[in-house]
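Attaching a single structure in structure tokens format; questions to follow.
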Amino acid sequence: MCGIFGYIGARDPLEICLSGLEQLEYRGYDSTGIAGVGNGEIKFCKKAGKLSNLLQAMNLRNLESAIGHTRWATHGPVNDQNAHPHLDAANSMAIIHNGIIENHHVLRMDLIASGVLFTSDTDTEVIVQLVAKFYAGDLAAALQKALSLVQGIYAIALIHKNHPGQIIAAAKECPLAIGVDPTTKESFISSDPNTFLSSNLDICFLHDGEIAIIQRGHVHVFNTKHEIIRKKTERLELQYTVPSKDGFAHFLLKEIYEQPNTVYKAILGRFQEQTGNVEFESLGFTDEQLSSYKKVCILACGGSAHAGSIGAAYLEELAHIPSQCEIASEARYRSLLLTPDTLVIAISQSGETADTIAALRIAKAAGCKILAICNVKHSTITREADAVIYLKAGAEISVCSTKALTSQIAVLALFALHMARLRGLPVEVAQTFFNNLKQIPDQINQVLLAAPKLQALAEKYAHYEDFFFIGRLYMYTTSLEGALKLKEISYVNANGCPAGELKHGPIALINANFPVVAFCANEQTKDKILSNLAEVKARGAPVLAFAPVGMDGVQAIADDIFWLPPTTDMLAPFTSTVAAQLLAYYIALKRHCNIDQPRNLAKSVTVE
Ligand code: M6R
């Protein structure tokens, strides 16, 4: 779950690699490192911690090419030795790696038995030591031989002091893009083509088992038989803009405040008010195809799976089509019994989540068509899906996802409406649903205007170490999301729980130090949630309720109430989620946590 970057060309490779790493930090920020060839030797610098640590320690000059790495630790603790790049014993070559080598222990033992000394705990070092063992002048051939012994997944870049004009790259089940500009004679590699700092590139992606020799302005790609192959290249529309907090204290806060606009953009131009029909630009599925599906299976992880659960409920309630949301990391090992009459929807902000990609591939192998709902263009999921609906939320920088999630829910609401219209939902019902949806950006704005009230509540609750977040139906999924936000950025033990399940066990934990945050917006279960609140209150729990303006009965029970603009049950997740995001943000602020880059996390989880 790391980011790799490389550059060879007329500009300063060090500077370009550092800019690439800055953008790749979303893939991990446990350590960073850079290596290059200069004056006939391998030069490198690597440091535990964020890129800022590397910049302080940077001592490299005059590199002819460079490769850079940002790490999310899998094997071995976070320290300087385990940071990439890793070198062979003779310091003649350096490697960077994204992925996991599953048989690294056996290979390491064999190498140690033959006298190799290891300097790190990583699985990656095994590869460079194997390449050194097989190297006899042809670096690509040595890498190929090493990789034939390796089990696992990888994207790799390798440089050697005897080949100053080359970067060797290889990939298996991990993304690796190569960008070449024959005019300026520059070449790039990256885990993410969106990080290329040039829009004039011919881009290709390495497929499983392929090895590339990258030189200034050109690339040769070989298949597993070491035969040269012609790769199809494409010109991608890459519009890189330097991320800015725009005056906000954190990217997270900025992204929370963007939501009136991002939700608006997610629905803009996608509903025909006259006809009551939904129109996604180039959806890639005909109405006939969509009408023929018997089921929908949504695959996603983390926050995206929460949006997926809400989407599945929309599809059932509006379109009356059996729908389920499966957590991709579980789904990939279950017998989902998928058949081609099931539409599979993969939801991912980044489009790079390893488990979602793996589950998607299993669904494809079962003959299912895949619709992706994604934010990041050119990402693996968008390339592998049969069709894509983009969130259009703009770059989400904070590890904790906010605006992507509300945009996912907005897109899912429209998609469910589309499926419903195809299944005979009356025009007027569709129009009413959309009219309510249209009001959501303004209602989110009302929540944002009340942020000082949420900050005051956060100050009051920030010292607690344990929380339950409860709700029913749509508010249950919202409670899962609210709890995830809090634990992710505040390191507080927060558990989302269906309100009706409390008395089946979890209520045993309740005491005066265990607050319950209750999402009360569902009209359908209003009385039930009030009973649940009374039960926890009777056992001493401090109760903070998020309730729609006008809800009776809640004042008599809750210690604190945050009033939300009233909407329908189906659309209540938007405003309740935004309120929960702000509560988590202000609690994290009060607890002095690293809000944009919480410990142990990465924006994109690219290993399982
Ligand atoms: O990029 P994805 O949407 O596939 O990511 C899925 C999860 O890793 C992500 O939602 C994660 O749970 C967030 N950090 C939640 O805030």
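The values are calculated or read from the model by the stated rules, or taken from the named source; none is laboratory data. Every value quoted in this text rests on a predicted model; they were computed, and no experiment measured them. All Cβ positions, even for glycine, are placed from backbone atoms using ideal geometry, and neighbour counts span all protein chains on display.
Can you spot a residue in segment 569-583 that is more than 30 Å from S329 (Cβ to Cβ) and away from the ligand (no atom under 16 Å from the Cβ)?
So far as segment 569-583 goes, no, none of its residues is more than 30 Å from S329 (Cβ to Cβ) and away from the ligand (no atom under 16 Å from the Cβ).
Further question: Just to be sure, is L318 part of a helix (DSSP H, G or I), within 13 Å of the ligand (Cβ to nearest atom) and either within 19 Å of the chain's Cα centre (by Cα) or not assigned by TED's automatic domain parsing to the domain that holds Y26 (or both)?
When the stated conditions are applied, L318 does not pass them.
What's the number of the only condition in (1) touching a strand residue (DSSP E or B) at 6+ places or on another chain (Cβ under 8 Å); (2) of a type in the set (D, E, K, R); (3) within 13 Å of the ligand (Cβ to nearest atom) that K403 fails to meet?
The one condition K403 does not meet is (1).
Of everything in segment 321-350, what is of a type in the set (G, A, S) and within 13 Å of the ligand (Cβ to nearest atom)? Give them in sequence order.
Scanning segment 321-350 gives A328, S329, A346, S348, S350.
Is there any pair with a first residue in segment 287-313 that is without any contact (Cβ under 8 Å) to a residue 40 or more places away in the chain and a second that is in a helix (DSSP H, G or I) and within 16 Å of the ligand (Cβ to nearest atom) whose Cβ atoms are under 6 Å apart and which are 6 or more apart or on different chains, and what are they?
Listed pairs, sorted by first residue: none to list.
Counting just the residues of segment 351-384 that are assigned to a helix (DSSP H, G or I) and among the β-branched types (V, I, T), which one comes out nearest to the ligand (Cβ to nearest atom)?
Here the residue is T356.
Here is a further query. Please tell me if I397 is outside the structural domain of V607 (by TED's automatic domain parsing), within 14 Å of the ligand (Cβ to nearest atom) and in contact (Cβ under 8 Å) with a residue 12 or more places away in the chain.
yes
This table checks each residue for (1) free of Cβ contacts under 8 Å to residues at least 12 places away in the same chain; (2) in contact with a Gly (Cβ under 6 Å, 6 or more places away or on another chain); (3) more than 16 Å from the ligand (Cβ to nearest atom).
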residue	(1), (2), (3)
E459	no, no, yes
D466	no, no, yes
R472	no, no, yes
M475	no, no, yes
S479	no, yes, no
K485	no, no, no
S490	no, no, no
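Within segment 292-299, can one find any residue that is closer than 26 Å to K403 by Cα and assigned to a helix (DSSP H, G or I)?
Checking segment 292-299: not a single residue is closer than 26 Å to K403 by Cα and assigned to a helix (DSSP H, G or I).
Oh, and also: I'm trying to understand the selection: among the residues of segment 141-162, which are part of a helix (DSSP H, G or I), touching a residue at least 24 places away in the same chain (Cβ under 8 Å) and farther than 16 Å from H97 by Cβ?
Residue satisfying the conditions is A141 alone.
Here is a follow-up. Can you pull out every residue in segment 136-179 that is over 30 Å from the mean Cα position of the chain (by Cα), surrounded by fewer than 20 Cβ atoms within 10 Å (Cβ to Cβ) and closer than 27 Å to W72 by Cβ?
S148, L149
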